[in-house]
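J.: Below you'll find the structure I mean.
The values are calculated or read from the model by the stated rules, or taken from the named source; none is laboratory data. The model shown is predicted, which means the values in this text are computed figures rather than measured ones. So basically every Cβ, Gly included, is an ideal-geometry build from the backbone, and we count neighbours across all protein chains shown. Heavy atoms of the whole protein, side chains included, go into the accessibility calculation; ligands, DNA and RNA do not. Shrake-Rupley method; radii C 1.70, N 1.55, O 1.52, S 1.80 Å.
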Amino acid sequence: MPGHIGIVACSAEGASLCYRTICVEGAQLMGPHAHPEISLHSHSLAEYMNCIYRDDWPGVGELMLSSAKKLAACGADFLVCPDNTIHQALLYVEPVSPLPWLHIAEVVAGEAAVRGFRRLGLTGTFWLVESEVYPEKLAARGLEWMRPTGEKREEINRIIMDELVYGVFRPESIAIFQRVIERMKAEGCDAVVLGCTEIPLIMDDSNSPLPTLDSTRLLARAALRRAVEGVPV
């Protein structure tokens, strides 16, 4: 029997894209209309943001652990979190978690290495790009990275928090991302990490100046392989 996937959700748009990807692509491994059992638990995004705004990452971890315990109780075999930013709290969660986790940045770093990329541009919320969530995992693979400038970090953060998490997709915001990625390309990056699970809703290989590493879908595919084939990530 396939494994039971537990999704620790944070924002609705990112979590729903992860869920849909598992369901739609499950058929490629399991047959028409088939996908593994999936359970999802979500605290209010406002609860997470209250912790993040006051830099309370242990508090973020408590919310994640609460979801983990609920998902374990309903039979999940392992967990994924389709939210890059709150992975900063995973170090507080994993030592006491009832279930193992797939780490989104490890999945992305592994894909980048397989595809032969060397230097990655990072995009995501202000908190994510300021953190070591991606640098630690990329460095472990011998990969380099580049962060946006401070001004662009703030601009990208505004687009994510004021637009994308609400399902608002504006052409002018796409243009801003394209300019940021174009600069990364000019400075030697050969791919860009879409390091917020909502960014793939407006950016992909068709409109990006660089090849994209879609963290949401990559995590969903890793979860699918783990559930169906028992492939560790």
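J.: Using the crude model of +1 on Lys and Arg Cβ and -1 on Asp and Glu Cβ, and no other charge, please compute the dipole size for the chain relative to its Cα centre, in debye to 20.
T.: On the way: 21 positive and 30 negative charges, 82 e Å.
It comes to approximately 400 debye.
J.: Can you find, among Cys18, Ala109, Ile181, the residue farthest towards the positive end of the dipole of the chain? Put +1 on the C-beta of Lys and Arg, -1 on that of Asp and Glu.
T.: About the Cα centre, the residue reaching furthest to the positive side is Ala109.
J.: If packing is taken as the average number of other Cβ atoms within 10 Å across a peptide's residues, how do 169-179, 201-211 rank, most packed first? All intermediate terms of the calculation are to be shown ahead of the outcome.
T.: Values: 169-179: 13.8, 201-211: 15.8.
Ranked by mean Cβ neighbours within 10 Å, highest first: 201-211, 169-179.
J.: Right, another one. Any idea which of Gly61, Met30, Asn50 is furthest toward the positive side of the dipole for the range 15-69, if Lys and Arg beta-carbons carry +1 and Asp and Glu beta-carbons -1?
T.: Met30
J.: Another question, if that's okay. Between Asp204 and Glu132, what FRET efficiency comes out of the Förster formula 1/(1 + (r/R0)^6) with R0 = 25 Å and r the beta carbon distance, rounded to 0.05?
T.: Working: r = 26 Å, r/R0 = 1.06.
Rounded to the nearest 0.05, the efficiency is 0.40.
J.: How big is the range 4-147 on each of its three principal axes, counting only the C-alpha atoms and giving the largest first in Å?
T.: Cα extents, longest axis first: 39, 38, 27 Å.
J.: If you don't mind, another one. Order Arg221, Arg54 by their accessible area, 1.4 angstrom probe, all chains in place, largest first.
T.: Working: Arg221 85, Arg54 145 Å².
The ranking, largest first, comes out as Arg54, Arg221.
J.: Carbon and sulfur together cover what percent of the accessible area of the range 1-143 at a 1.4 Å probe radius? Intermediate results must be reported in sequence, preceding the final value.
T.: On the way: 3140 of 6070 Å².
Of the solvent-accessible surface of the range 1-143, carbon and sulfur hold 52 percent.
J.: Can you compute 3J(HN,Hα) from phi for each residue in the range 32-43, using the Karplus curve 6.51 cos²θ - 1.76 cosθ + 1.60 with θ = phi - 60°, rounded to whole Hz and x for Gly and Pro?
T.: Rounded to whole hertz, the list is x, 6, 8, 7, x, 5, 9, 10, 10, 10, 9, 7.
J.: What number results when the radius of gyration of the range 10-91, computed over Cα atoms, is divided by 2.2 N^0.38 Å?
T.: Details: Rg = 14.2 Å, N = 82, 2.2 N^0.38 = 11.7 Å.
Taking the Cα Rg and dividing by 2.2 N^0.38 Å, one obtains 1.21.
J.: Pop a pseudo-label 7 angstrom from the Cα along the beta-carbon direction at both Val24 and Ser39 and give the gap in nm to one decimal.
T.: For Val24 paired with Ser39, the spin-label model returns 2.7 nm.
J.: For q values of 0.14, 0.18 Å⁻¹, compute log₁₀ I(q)/I(0) with the Debye formula on a Cα-only model of the range 119-233, without solvent.
T.: -0.57, -0.91
J.: Something else now. For the range 16-56, max minus min Cα coordinate along each principal axis, in Å, sorted largest first?
T.: 46, 13, 12
J.: Going by amide H atoms built from the backbone, whose H comes under 5 Å of the H on Gly121, apart from near neighbours?
T.: When sequence neighbours closer than 5 places are left aside, the close amide H contacts are Met146, Asp190, Ala191, Val192, Val193.
J.: Over the alpha-carbon set of the range 78-137, divide Rg by the Kirkwood Rh and report the Rg/Rh ratio to two decimals. Don't jump to the answer; show the numbers that get you there.
T.: Working: Rg = 12.2 Å, Rh = 12.5 Å.
Rg/Rh for the range 78-137 comes to 0.98.
J.: Compute the FRET efficiency between Met1 and Arg119 as 1/(1 + (r/R0)^6), taking r as their Cβ-Cβ distance and R0 = 41 Å, and round to the nearest 0.05.
T.: Details: r = 42 Å, r/R0 = 1.02.
Calculated value: 0.50.
J.: May I ask you to order 121-127, 152-158 by the average number of other C-beta atoms within 10 Å around their residues, highest value first?
T.: Values: 121-127: 24.4, 152-158: 18.1.
Top to bottom by mean Cβ count within 10 Å: 121-127, 152-158.
J.: Please calculate how many Å² of accessible area the chain carries per residue, with a 1.4 Å probe and no DNA, RNA or ligand atoms counted.
T.: On the way: 9980 Å² over 233 residues.
With all protein chains present, the chain gives 43 Å² per residue.
J.: Would you please give the residues with an amide H less than 5 Å from that of Arg141, counting only those at least 5 places away or on a separate chain, with H modeled from the backbone geometry?
T.: Here the answer is none, since no amide H 5 or more places off falls under 5 Å of that of Arg141.
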